[in-house]
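Visitor: Once you've had a glance at the structure underneath, I'll fire off some questions.
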Amino acid sequence: MATYTRTNAWNNSGTFANADLLWYAKGVGAMQKRALDDLSSWWFFAAMHGEYVKDTAFPGWGHLPQPPSTPTTPQPSTSVWNKYWDQCQHQSWYFLPWHRGYLLALEAQIRAAVVSLGGPSSWALPYWDYFGPGTQYQIPPAFTATTLPDGSHNPLYVDARYGPQNNGNIYIPIPPVNQDCMSNDLFTGTNHNTPPPGFGGPKTGFSHSGNTSGNLENNPHNLVHVYVGGTAPGGATYGLMSDPGIAALDPIFYLHHCNIDRMWAAWNNSGKTNPTDTKWLNGPASQGQREFVMPIPGNNAWVYTPDQMDSLSKVDYTYDSLPAVAPAANQLSQRLTQLGASAAAARVNEGASVAQDQNEELVGANAGALPIKGTGAGTTVRLAADVLHKVSASLAGASETAPPDRVFLHLENVRGTHDALALGVYINLPAGANPNDHPELLAGTVGLFGLRRASRKDGEHSGDGLSFVLEVSKIFDALHLRNALDTDSLQVTIVPHQAVPDTAEVTVGRVSIYRLGQ
Amino acid sequence: MTGDAQELARVRNPVLLLSAAAWILLLANPGGMVGHAHFHAMRSGGLPLGARFRMLLAMNPPAALAASWLLMLVAMMAPVLIPHVRHIRRRSFRRRRARSTALFAAGYGAIWMAVGAVVLAIDLAVKLFAQQSYLPAAGVLLLASVWQFSPSKQRCLNRCHANTELAAFGPAADFDALRFGVRHGLWCAASCWALMLFPMLLPRGHVVAMAAVAVLILSERLERPMPPAWRWRGLGTLTRIAIAQARIGMGARTRAARSLPALNA
């Protein structure tokens, strides 16, 4: 029986009538009174996720709108900085277990502050279930009130939170945010039901910033960050939640991640398993890289590994409810049916959840970097006839023993300075058409959370930027059925959710199409 | 085996084999260069400078030196190119993967051969003027150490991890592969020039020094890019891996879940 139960932030209408939210606010306030170099301060915890303490311009911590009043001094010693700060794991299979430990540590700190203020020792971090019914896709009102019930300043309110329309109205647009990842079979890897790189993320070492996000990380996680943070009026800056180096300064961050953690728990609950690879279980420290470490009350260092985080039964808390994961249609069966091979579709083995990732091969690419400006950009992806023919042939002859090729659209080496963007990627959108009228041509939607620091030349991947992989198999099936695959190119259109600010730079290094098949 | 693991093996195994073969050739060369393009020590006594110079060149033909330098390059550098060869193969059409890889290698090799010419020229000068002295080697070692721990070295190391975009079709694809090799070669040479020069200048023990440098280069490569700063740099990750694996071997970190400490005060 777990000691703690994390509850829905929208209980009691998401206002301060919800005692968990009121105590959270008081706990945040207490942590914010501590110094930057205090291991139990709000700022120290935010810096562990990511920081721009020394940057001399936005998003430097000394150049952020207030509230909150973000300090840049006193800085911790080099050894403390290197041990704790800039630790968060992204674009990696460590994304979920690292954040589970991070939440546990923050929760313990808040709980200790709550208890010292006379609050309940049973306090647990609430979650924001943006997929919940009614108004739950909106941010709970406790986060937009500027004062607490007693009239004092509300620590849950931050100035730099602009929303999907950059106007201060904070909500999650559903779609394009969705729960499609919950039907994935595999934590790492790909098969017909799991787009690459897998539900939890690709196999990596210590990854503070990487290339390709796991499916849960991509949607909803990255998109929620980008939609909540948004862009400031004028376009020169963006909201705290938009960028990993300032996101954990906004108290809504932890409620968002609580829901991501809850989705992971629900995914496991539906029978899907976490990796058993010792490289995952023992964490990057077993490979000679940095360890996962958090300060717990008493300023002790708590070192943890994914094998301690890989089940709710190991972490002494539970959720008041886990979302039910509806059994999803087998994607291979669906495609075979669409391609006209119904008999084969019926023979597909439902139980197969093995990685199928042999023979990945380039089919085509555009020429030159693609700048994303204003309301969008388009490019022509030239296709190699001989490779495209392999795709067509596999679609024509598809069966359960000779599955059709899977096809992917890659956005490679996406670089820039403006994280607060969600990009809708379309294939063969007719000129002048409204993208919203063509959901069948949507390859997917990606959020650029982490763009700035992935683009820095002295960053963790040498400025290679972010990469995105979108499965477009069904779009290709439709093209094939219309006899439209005898072509030498495709049009790819990229539509940002809001106009890209003039001062912002976003470029896609290369747009390419890949096949995965026999 | 997953497709990813298969592809890794497809690249890693031949490259490591190539590197191993190069080491064997370097080390098993009796009476020859003793491991690398090293000018034969001479008993040159009271000969005038010009004569000594001609004698040196006669004993060490430039073509043989170049071949020896190339072997050393393949032995020491091939393993660190594995991630980039994988990148090229993944980003290229299947039919031109070998071609793009070859162009990358050619660009990379061209830079290092140019560096080799400079290194060998320095080696020649040292042999002419101070052939039995450890001073030049010591001097370069000092220089290499300062460079090793400097922020500039980190900047170069960081760039060595870059995997940039590559055009897919035609001459643009050829150019990009070549350019990728050249760029990578430049950052690689900027990182390691002093380390490669040091073993050459030792009157004795250059094979041991070469092996040590190779270990250092590989170990450095295991580190992630990080902000440029003065720090001890090089063997950290290798040491930590050894310690971590030893701990695992001794069962200190087992798969059975260890219970969490009391997180709450």
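Visitor: Go through the stretch B:164-180 and flag every residue whose accessible area shrinks by 50 Å² or more with all protein chains in place compared to the isolated chain (probe 1.4 Å).
Guide: Buried by 50 Å² or more upon assembly, which counts only protein chains, are B:GLU165, B:PHE169.
Visitor: So, with +1 on the Cβ of K and R and -1 on the Cβ of D and E, and no other charges, what is the size of the charge dipole of the protein assembly as shown about its Cα centre, to the nearest 20 debye?
Guide: Working: 60 positive and 50 negative charges, 580 e Å.
Dipole size: approximately 2780 debye.
Visitor: Expected output is a single nm value to one decimal: the length gained when fully extending between A:THR146 and A:ALA301, i.e. 0.36 nm times separation in residues minus the C-alpha distance. What is it? Intermediate values should be presented prior to the final figure.
Guide: Details: separation 155, 0.36 × 155 = 55.80 nm, distance 3.47 nm.
Once the chain is fully extended between A:THR146 and A:ALA301, it gains 52.3 nm.
Visitor: Another question about this same structure. ³J(HN,Hα) across the stretch A:195-211 via Karplus (A = 6.51, B = -1.76, C = 1.60, θ = phi - 60°), whole Hz, x for Gly/Pro?
Guide: x, x, x, x, 4, x, x, x, 6, 9, x, 4, 9, 6, 7, x, 9
Visitor: Return a whole-number percent for the relative contact order of chain A, with Cα pairs under 8 Å and 6 or more residues apart as the contact set. It would help to have the intermediate numbers written out before the result.
Guide: Numbers: 1142 pairs, mean separation 89.1, N = 518.
Result for chain A is 17 percent.
Visitor: Tell me the label-point distance for the pair B:ALA67, A:ASP316, using the 7 Å Cα-to-Cβ offset, in nm and rounded to one decimal.
Guide: Those two pseudo-labels are separated by 7.0 nm.
Visitor: Taking R0 as 35 Å, what's the FRET efficiency between B:LEU128 and B:ALA211 from their Cβ-Cβ distance, rounded to 0.05? Write down the numbers at each step before the final one.
Guide: Values: r = 27 Å, r/R0 = 0.77.
My answer for the efficiency is 0.80.
Visitor: Follow-up. Measure off 7 Å from each Cα along the Cα-to-Cβ vector at B:VAL118 and A:LYS33, then give the distance between these two points in nanometres to one decimal.
Guide: 6.0 nm
Visitor: I'd like the mean, over residues of B:156-163, of how many other protein chain beta carbons sit within 10 Å of each residue's own Cβ.
Guide: Numbers: counts 0, 1, 8, 4, 1, 6, 6, 7.
For this peptide, the per-residue mean of nearby foreign Cβ atoms is 4.
Visitor: Positive end of the dipole of chain A, charges at C-beta (+1 Lys, Arg; -1 Asp, Glu), about the Cα centre: which of A:VAL158, A:THR273, A:VAL446 has its Cα farthest in that direction?
Guide: A:VAL158
Visitor: Going through the DSSP H helices of chain A, which span 27 Å or more along their own axis at the Cα atoms while scoring at least 0.5 as a mean Kyte-Doolittle hydropathy?
Guide: Both cut-offs are met by A:95-116.
Visitor: Summing Lys, Arg as +1 and Asp, Glu as -1, what charge do residues with Cβ under 14 Å from the Cβ of A:PRO155 carry, A:PRO155 excluded? It would help to have the intermediate numbers written out before the result.
Guide: Details: positive: A:LYS26, A:LYS33, A:ARG34, A:ARG161; negative: A:ASP150, A:ASP159, A:ASP250.
Neighbourhood net charge equals +1.
Visitor: About the Cα centre of the stretch B:179-247, how large is the charge dipole given +1 on each Lys and Arg Cβ and -1 on each Asp and Glu Cβ? Please answer in debye to the nearest 20.
Guide: 160 debye
Visitor: Sticking with this one: Suppose R0 equals 22 Å; then what is the FRET efficiency for B:MET250 and A:VAL293 from their Cβ-Cβ distance, rounded to the nearest 0.05?
Guide: Details: r = 22 Å, r/R0 = 0.98.
It comes to 0.55.
Visitor: Keeping every protein chain present and rolling a 1.4 Å probe, give me the accessible area per residue for chain A in Å². Kindly include the intermediate steps, with their values, before the conclusion.
Guide: Working: 17380 Å² over 518 residues.
On a per-residue basis, 34 Å².
Visitor: Which translational diffusion coefficient, to the nearest whole µm²/s, is obtained for the stretch A:455-518 from the Stokes-Einstein equation, given a Kirkwood hydrodynamic radius over C-alpha pairs, 37 °C and 0.692 mPa s? Don't skip to the end; give the middle numbers.
Guide: Details: Rh = 15.3 Å.
The Stokes-Einstein estimate is 215 µm²/s.
Visitor: A:HIS438 to B:ASN13: FRET efficiency via 1/(1 + (r/R0)^6), r the Cβ-Cβ distance, R0 41 Å, to the nearest 0.05? Present the calculation step by step, with values, prior to reporting the outcome.
Guide: Numbers: r = 46 Å, r/R0 = 1.13.
Efficiency at R0 = 41 Å is approximately 0.30.
Visitor: Further question: So which residues in the stretch A:454-480 end up with at least 30 square angstrom less accessible surface once the other protein chains are there, compared with the chain by itself, probe 1.4 angstrom?
Guide: Residues losing area: A:LYS457, A:ASP458, A:GLU460, A:SER462, A:ASP464.
Visitor: With runs of 4+ DSSP H residues as the only contributors, calculate the mean residue ellipticity of chain A at 222 nm using -39,500 (n - 2.57) per run, divided by the residue total and rounded to the nearest 500. List each step's numbers first, then the result.
Guide: Values: 13 runs with 122 residues, N = 518.
Calculated at 222 nm, the ellipticity per residue is -7000 deg cm²/dmol.
Visitor: Further, regarding this structure: Report the Cα centroid-to-centroid distance between the stretch B:49-77 and the stretch B:98-170 in angstrom, as an integer.
Guide: Going from one Cα centre to the other spans 17 Å.
Visitor: Rank B:LEU201, B:LEU216, B:PRO228 by how far each Cα sits towards the positive end of the charge dipole of the protein assembly as shown (+1 on Lys, Arg Cβ; -1 on Asp, Glu Cβ) and give me just the farthest.
Guide: B:LEU201
Visitor: Give me the net charge of A:PRO220's neighbourhood, meaning all other residues with Cβ under 15 Å from the Cβ of A:PRO220; Lys, Arg count +1, Asp, Glu -1. Display every interim value, and only then the final one.
Guide: Details: positive: A:ARG262; negative: A:ASP129, A:ASP180, A:GLU217, A:ASP261.
Net charge in that neighbourhood comes out at -3.
Visitor: I need the peptides A:165-177, A:43-55 ranked by packing, meaning the mean over residues of other C-beta atoms within 10 angstrom, with the highest value on top.
Guide: Values: A:165-177: 16.4, A:43-55: 21.7.
Descending packing order for the listed peptides: A:43-55, A:165-177.
Visitor: Any lysines with Cα under 29 Å of the A:LYS457 Cα? List them, leaving off those in the same chain fewer than 8 positions away.
Guide: Partners found: A:LYS54, A:LYS83, A:LYS203, A:LYS279, A:LYS373, B:LYS153.
Visitor: Related question: Could you work out the Rg to Rh ratio of the protein assembly as shown, with Rh taken as the Kirkwood radius (inverse of the mean 1/r over all Cα pairs)?
Guide: Numbers: Rg = 28.7 Å, Rh = 28.5 Å.
Radius of gyration over Kirkwood radius for the protein assembly as shown works out to 1.01.
Visitor: For the stretch A:190-344, what is the charge dipole size about the Cα centre, in debye to the nearest 20, if Lys and Arg each add +1 at the Cβ and Asp and Glu each add -1 at the Cβ?
Guide: Values: 7 positive and 10 negative charges, 83 e Å.
Computed about the Cα centre, the dipole is about 400 debye.
Visitor: Relative contact order, percent, of chain B when contacts are C-alpha pairs under 8 Å separated by at least 6 residues?
Guide: On the way: 271 pairs, mean separation 56.6, N = 265.
RCO, chain B: 21 percent.
Visitor: Can you work out the PRE-style zone for A:ASP159? Point 7 Å along Cα to Cβ, and I want the residues of the stretch A:34-61 with backbone N under 17 Å.
Guide: Answer for the stretch A:34-61: A:57-61.
Visitor: Label points 7 Å out from Cα along the Cβ direction at A:LYS474 and B:ALA229: separation in nm?
Guide: Calculated label separation equals 4.8 nm.
Visitor: Let me ask something else. State the Cα centre-to-centre distance between the stretch A:452-518 and the stretch A:181-258 in whole Å.
Guide: For the stretch A:452-518 versus the stretch A:181-258, the Cα centre distance is 17 Å.
Visitor: In what sequence, highest mean first, do B:141-154, A:273-286 appear when ranked by Cβ atoms within 10 angstrom?
Guide: Working: B:141-154: 16.4, A:273-286: 19.0.
Highest to lowest by the protection proxy: A:273-286, B:141-154.
Visitor: Before anything else, pin down the relative contact order of the stretch B:131-214: Cα pairs under 8 Å, at least 6 apart, normalised by residue count, whole percent. Please report the intermediate quantities before stating the final value.
Guide: On the way: 55 pairs, mean separation 37.4, N = 84.
Once divided by the residue count of the stretch B:131-214, the mean separation gives 45 percent.
Visitor: Once you average over the residues of A:358-367, how many Cβ atoms of partner chains fall within 10 Å of each Cβ? Mind showing how you got there, number by number?
Guide: Details: counts 6, 4, 5, 6, 10, 2, 3, 9, 2, 6.
Mean inter-chain Cβ contacts per residue within 10 Å come to 5.
Visitor: Something else: I'd like to compare A:387-398, A:14-25: which one has the highest average count of other Cβ atoms within 10 Å, and what's the full order after that?
Guide: Working: A:387-398: 18.2, A:14-25: 21.0.
Ranked by mean Cβ neighbours within 10 Å, highest first: A:14-25, A:387-398.
Visitor: Oh, and also: How much net charge surrounds A:GLY245 when only other residues with a Cβ under 13 Å from its Cβ are counted (Lys, Arg +1; Asp, Glu -1)? Intermediate values should be presented prior to the final figure.
Guide: On the way: positive: A:LYS54, A:ARG452, A:ARG453, A:ARG456; negative: A:GLU51, A:ASP55, A:ASP86, A:ASP243, A:ASP250, A:ASP419, A:GLU460.
Neighbourhood net charge equals -3.
Visitor: Enumerate the helices in chain B for which the Kyte-Doolittle hydropathy averages 1.0 or more and the C-alpha atoms extend at least 30 Å along the helix's axis, using complete DSSP H runs. Walk me through the numbers before you get to the answer.
Guide: Numbers: long enough: B:3-27 (36 Å, 0.87); B:97-130 (48 Å, 1.33); B:170-201 (44 Å, 0.78).
Length and hydropathy pass: B:97-130.
Visitor: Would you work out which of B:VAL126, B:PRO61, B:GLN6 lies farthest towards the positive end of the dipole of chain B? Charges go on Cβ: Lys and Arg +1, Asp and Glu -1.
Guide: B:GLN6
Visitor: Please say if the stretch A:366-516 is rounded, prolate or oblate, where rounded means a/c under 1.5 for a ≥ b ≥ c the square roots of the C-alpha gyration tensor eigenvalues, and otherwise the choice is prolate for a/b larger than b/c and oblate otherwise?
Guide: Prolate is the answer for the stretch A:366-516, as a/c is 1.5 or above and a/b outweighs b/c.
Visitor: Another one. Rounded if a/c is under 1.5, else prolate if a/b is larger than b/c, else oblate: which is the stretch A:299-403, with a ≥ b ≥ c the root eigenvalues of its Cα gyration tensor? If you can, show how the numbers build up before the last one.
Guide: Numbers: a/c = 2.46, a/b = 1.37, b/c = 1.79.
It comes out oblate by the Cα gyration axes.
Visitor: Principal axis lengths of chain B from Cα atoms, whole Å, largest first?
Guide: That gives 79, 55, 35 Å along the principal axes, largest extent first.
The values are calculated or read from the model by the stated rules, or taken from the named source; none is laboratory data. Note that this is a predicted model, so its numbers are computed, not measured. Positions of Cβ are generated from backbone atoms using ideal geometry, with glycine treated the same way; all protein chains shown enter the neighbour counts. SASA here: full protein model, heavy atoms, side chains in, ligands and nucleic acids out. Shrake-Rupley method; radii C 1.70, N 1.55, O 1.52, S 1.80 Å.
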